[in-house]
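The values are calculated or read from the model by the stated rules, or taken from the named source; none is laboratory data. Bear in mind the structure is a predicted one, so any value in this text is a computation, not a measurement. Cβ placement follows ideal geometry from the backbone for every residue including glycine, while neighbour counts extend to all protein chains displayed.
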Amino acid sequence: MVRKLNPQVIYCGGPGDVAGTMLSWLSGKYDASEVSCTYSSQFFDQISDRGLSALVISTHARKELLQKGSFTVEHRPNKAADKSGFSYKMADISHWLGVIGTILHHRPRVALITDCEHWWLLTIPSLFGIKVITDLHCTFWPRNYRTTALYERILQGLNGLFWKKIPIATICISPECERQVLEIACGQVSGSLLQARSSYQRAHFAKITLPVWNADSFRLMFAGRVERNKGVFDLLDVMAGLHADGQSKIALEICGDGTALSELKAECTRRGLDGCIRILGRLNSLEMRAAYERCHTVVVPTTANFPEGMNKVIVEGVLSGRPVVATAVCPAVDLLPRSVIAVECGDQQAMVAAIKRLACDKNYYESIHANCAAESEQFYDRQQSWGAALGRALDLVFK
């Protein structure tokens, strides 16, 4: 039987399996499906510590309603997920109007909202005295590639007006998220801007063996969604360029799935690259650990069409002690400047040169690797975690 809800906090997060995470959290365990400490588990910690009640709404594809103690979790799929163009925009607005209706129905003290495209709609609950905390995990545009399209300029203008007046706090997962919100609000942001870092368990990465540079073999790894805007097809050109340059010892493993997986396999075969590229598909956590141990370097070729907020693969590569070669569109390069070699989006020759130097110059490789440990510490520091930033934001409301 579903009891009547009276949440003091409503948290509208991303597509994660929050019901599963809550069951793991209640049993005192970490969510085994995630490497990092999940944002929802950190949310449960902060709400529980304050003796509050909460409703969490996730866009996970599996519909579910779960109530345990003072927590209620609802999986409410966003129907925009399988649409594009105008249909996507209308379905997304419809989803968020439904969420706002739920917020107005329950009248919580505060609503915590993650990555809503039409942020200006959240002016509505604020008119009824509900405090709004915004949570940025994606940028508004790809770093250094702000669009000039009319629709985007109108949207950013409306969102900028919202940020000038409404949020009591904004949690930013990277410095680039903070920089962009200041830009759209012309430097006049309402409330506190709070930096946060993805949070990890040191013990998880302590079990990953350190990389050993080898003159005879050098393995790269790509991990993530297999989509064109993630740049994975650019890696075919990179590998072809390396082998044309005589670097036959360099191999690549691609870990992950996505809508372009079949197309990628076919293109790899067509270009005769099956001998140097292994496409492994989606891996579980143990298999991913083994993949990190096999590789010498992680490559993150994100294109200028993807608004990265914080690429966790870059972070996890550095935590594993692996140098990373990434495009400069990824904000993680700001936080890990000595462990990540940044190249411009689409510049395959620069990526080829960076990889070749790591594969051929042992001293250079080991100097980049040596930086990883010190730059990793921020992701183990609980005072810099997303949960700590949320705690500071909640204190602005409840204290």
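Need pairs with beta-carbon distance below 9 Å; first residue on the phi < 0 side of the Ramachandran plot and within the range 63-77, second of a type in the set (A, V, I, L, M, F, W, C) and part of a loop (DSSP other than H, G, I, E, B); sequence gap 6+ or separate chains.
Leu65/Val2; Gln67/Val2; Gln67/Leu5; Ser70/Leu52; Thr72/Val2; Thr72/Leu5; His75/Ala61; Pro77/Ala61
Which one of these is in a loop (DSSP other than H, G, I, E, B) and closer than 30 Å to Phe43 by Cα: Val333, Val329, Val397? Please lay out each step first, then the result.
Working: Val333 fails: in a loop (DSSP other than H, G, I, E, B); Val397 fails: in a loop (DSSP other than H, G, I, E, B).
Only one candidate qualifies: Val329.
Filter the range 309-324 down to the residues that are surrounded by fewer than 23 Cβ atoms within 10 Å (Cβ to Cβ) and either of a type in the set (Ser, Thr, Tyr) or under 20 Å from Arg179 (Cα atoms) (or both) and list them by number.
Selection gives Gly309, Lys312.
Confirm whether Asp361 is of a type outside the set (A, V, I, L, M) and without any contact (Cβ under 8 Å) to a residue 60 or more places away in the chain. Explain how you work it out, then say what you get.
Values: of a type outside the set (A, V, I, L, M): yes; without any contact (Cβ under 8 Å) to a residue 60 or more places away in the chain: yes.
Criteria met by Asp361.
Please tell me if Trp120 is touching a residue at least 40 places away in the same chain (Cβ under 8 Å), among the aromatic types (Phe, Trp, Tyr) and assigned to a helix (DSSP H, G or I). Can you show your working first?
Working: touching a residue at least 40 places away in the same chain (Cβ under 8 Å): yes; among the aromatic types (Phe, Trp, Tyr): yes; assigned to a helix (DSSP H, G or I): yes.
Taking the combined requirement at face value, the residue satisfies it.
For the subset of the range 265-293 comprising residues that are of a type in the set (D, E, K, R) and part of a loop (DSSP other than H, G, I, E, B), which member is farthest from Val35 (Cα to Cα)? Explain how you work it out, then say what you get.
So in the range 265-293, the residues of a type in the set (D, E, K, R) come out as 265, 267, 270-271, 274, 278, 282, 287, 289, 293.
Keeping just the survivors that are part of a loop (DSSP other than H, G, I, E, B) gives 271, 274, 282.
Working: Arg271: 34, Asp274: 29, Arg282: 14 Å.
Restricting to residues being of a type in the set (D, E, K, R) and part of a loop (DSSP other than H, G, I, E, B), the top hit is Arg271.
So, of the residues in the range 195-226 that are without any contact (Cβ under 8 Å) to a residue 40 or more places away in the chain and charged (D, E, K, R), which turns out to be surrounded by the fewest Cβ atoms within 10 Å (Cβ to Cβ)?
Out of the qualifying residues, it is Asp216.
Which residues, counting only those in the range 164-183, are surrounded by 22 or more Cβ atoms within 10 Å (Cβ to Cβ) and either outside any loop (DSSP other than H, G, I, E, B) or among the basic types (Lys, Arg) (or both)?
Ala169, Thr170, Ile171, Cys172, Glu176, Cys177, Gln180, Val181
Looking only at the range 44-96, filter to residues that are in a strand (DSSP E or B) and either farther than 24 Å from Arg107 by Cα or charged (D, E, K, R) (or both); which one of those is nearest to the chain's Cα centre (by Cα)? Break it down into steps so the answer makes sense when it comes.
So the first thing to find is which residues in the range 44-96 are in a strand (DSSP E or B), and the list is 54-58, 64-68, 71-75.
Narrowing the set further to residues that are either farther than 24 Å from Arg107 by Cα or charged (D, E, K, R) (or both) leaves 64, 68, 74.
Numbers: Glu64: 24, Lys68: 28, Glu74: 22 Å.
Filtering the range 44-96 for residues that are in a strand (DSSP E or B) and either farther than 24 Å from Arg107 by Cα or charged (D, E, K, R) (or both), the one nearest to the chain's Cα centre (by Cα) comes out as Glu74.
In this structure, does Leu194 turn out to be out of contact with any His (no Cβ under 9 Å at 6 or more places or on another chain), at pLDDT 95 or above and over 20 Å from Asp334 (Cβ atoms)? Write out each step before concluding.
On the way: out of contact with any His (no Cβ under 9 Å at 6 or more places or on another chain): yes; at pLDDT 95 or above: yes; over 20 Å from Asp334 (Cβ atoms): no.
Answer is no for this residue.
For residues in the range 34-62 being in contact with a Pro (Cβ under 7 Å, 6 or more places away or on another chain) and either at pLDDT below 95 or crowded, with 20+ Cβ neighbours inside 10 Å (or both), which is nearest to Val397 (Cα to Cα)? Steps first, please.
Of the residues in the range 34-62, the ones in contact with a Pro (Cβ under 7 Å, 6 or more places away or on another chain) are 53-55, 58-61.
Going one step further and asking which of them are either at pLDDT below 95 or crowded, with 20+ Cβ neighbours inside 10 Å (or both), we end up with 54-55, 58-61.
Numbers: Ala54: 14, Leu55: 17, Ser58: 23, Thr59: 26, His60: 28, Ala61: 32 Å.
By that ranking, first place goes to Ala54.
Looking for whichever is small (Gly, Ala, Ser) and either in contact with a strand residue (DSSP E or B) (Cβ under 8 Å, 6 or more places away or on another chain) or surrounded by fewer than 17 Cβ atoms within 10 Å (Cβ to Cβ) (or both) here; the options are Ala388, Ala374. Which one fits?
On the way: Ala388 fails: either in contact with a strand residue (DSSP E or B) (Cβ under 8 Å, 6 or more places away or on another chain) or surrounded by fewer than 17 Cβ atoms within 10 Å (Cβ to Cβ) (or both).
Exactly one of Ala388, Ala374 is small (Gly, Ala, Ser) and either in contact with a strand residue (DSSP E or B) (Cβ under 8 Å, 6 or more places away or on another chain) or surrounded by fewer than 17 Cβ atoms within 10 Å (Cβ to Cβ) (or both), namely Ala374.
For the condition more than 22 Å from Lys249 (Cβ to Cβ), of a type outside the set (A, V, I, L, M, F, W, C), surrounded by fewer than 23 Cβ atoms within 10 Å (Cβ to Cβ) and within 25 Å of the chain's Cα centre (by Cα), what is the one hit in Thr327, Thr303?
On the way: Thr327 fails: surrounded by fewer than 23 Cβ atoms within 10 Å (Cβ to Cβ).
Just a single option satisfies the conditions, and that option is Thr303.
Which condition does Gln348 not pass, out of (1) touching a helix residue (DSSP H, G or I) at 6+ places or on another chain (Cβ under 9 Å); (2) free of Cβ contacts under 8 Å to residues at least 40 places away in the same chain, if it passes all the others?
(2) is the only condition that Gln348 fails.
Could you please find all residues in the range 235-275 being exposed (fewer than 13 other Cβ atoms within 10 Å of the Cβ) and of a type in the set (Lys, Arg)? Even if it seems obvious, please write down each step before you answer.
Of the residues in the range 235-275, the ones exposed (fewer than 13 other Cβ atoms within 10 Å of the Cβ) are 244-246, 248, 259, 262, 266, 269-270, 272, 274-275.
Result: Arg270, single match.
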